[in-house]
Amino acid sequence: MRQRRVELVEQVEPVEPSICIDCSMCCDGTMYRTVDIEAGEDIAPLQAAAVAFTVEAELTSFLQPCSAFCHGSCSIYDGRPSVCRKYRCALLRRVDAGEVAYDEARKLIANATAIRDRVRHELERLVQPQEPLALDGLYKPMFARWESATDRAAMKKAQSRLILDITALRVLLSRYFEPRDSESHKAEETKNLATKFIDFHVIDFHGQR
């Protein structure tokens, strides 16, 4: 009987943790500025977590970074909105479909989040926001500074690492993370602002590439 129990234990395969752990880019303002909430959704858990909302044309959205996300996890996980329950980034879908190996996905996430951290740290240092902002909220004032700079070439040289990191992050998000069919999570605004940044520094000030 004891031998049979040992055999059964040996047949159990270890369960790999979700690739979502240590990522959080769909919650922290890296990929999205707002997330749309379905009509009739119970938003009490979000309100209890002091999440900020916006309403446009009867569509309610909550702002990112989501204040319910803290210390590496969702503080209202059991009461999170249905859009969060349904959301699956492109990389998670590919892992579930067997198209990307688990270890490879974790490497992609580690690379992307390392770049994200550098971009956010440098933008916050330069912009000095008064409250937590999504990346697009940091891009806007930074881009305004670049546009109004008297010596753009010097500013471009001084911030060349930031420019490269923004470019690399945009490529990684577009290629591996952003789903093309999400109705609640829309990356267009953040994506457009990042692309505007990149184009601004790719094109020289005489209109030549």
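Per-residue answers, yes or no, for (1) under 19 Å from Arg120 (Cβ atoms); (2) surrounded by fewer than 20 Cβ atoms within 10 Å (Cβ to Cβ); (3) out of contact with any helix residue (DSSP H, G or I) (no Cβ under 8 Å at 6 or more places or on another chain); (4) not charged (D, E, K, R):
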{"position": "Ala149", "(1), (2), (3), (4)": "no, yes, no, yes"}
{"position": "Ala153", "(1), (2), (3), (4)": "no, yes, yes, yes"}
{"position": "Ala158", "(1), (2), (3), (4)": "yes, yes, yes, yes"}
{"position": "Ser174", "(1), (2), (3), (4)": "yes, yes, no, yes"}
Of the residues in the range 133-172, those that are of a type in the set (Lys, Arg) and farther than 26 Å from Lys107 by Cα come to Lys140, Arg145, Arg152, Lys156, Lys157
Counted residues in the range 83-128 being of a type in the set (S, T, N, Q) and not in a helix (DSSP H, G or I) come to 1
Margin query: Quick check on the range 90-103. Is at least one of its residues of a type in the set (Val, Ile, Thr), farther than 12 Å from Cys20 by Cα and at pLDDT below 95?
Written below: no
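Considering each residue of the range 40-82, count those that are in a loop (DSSP other than H, G, I, E, B), of a type in the set (Gly, Ala, Ser) and closer than 19 Å to Gly29 by Cβ, and give that number. First the steps, then the outcome.
Here is the first cut: in the range 40-82, the residues in a loop (DSSP other than H, G, I, E, B) are 40-43, 49-52, 57-58, 64-68, 71-72, 75-76, 80-81.
Now narrow it down to the ones that are of a type in the set (Gly, Ala, Ser): 40, 49-50, 52, 57, 67-68, 72, 75.
So of that shortlist, the ones also closer than 19 Å to Gly29 by Cβ come out as 49-50, 52, 67-68, 72, 75.
Number of matching residues: 7.
The values are calculated or read from the model by the stated rules, or taken from the named source; none is laboratory data. Here the structure is a predicted model, which is why all the values come from computation and not from measurement. Don't worry about glycine lacking a Cβ; one is built from the backbone with ideal geometry, like all the others, and counts go over all protein chains shown.
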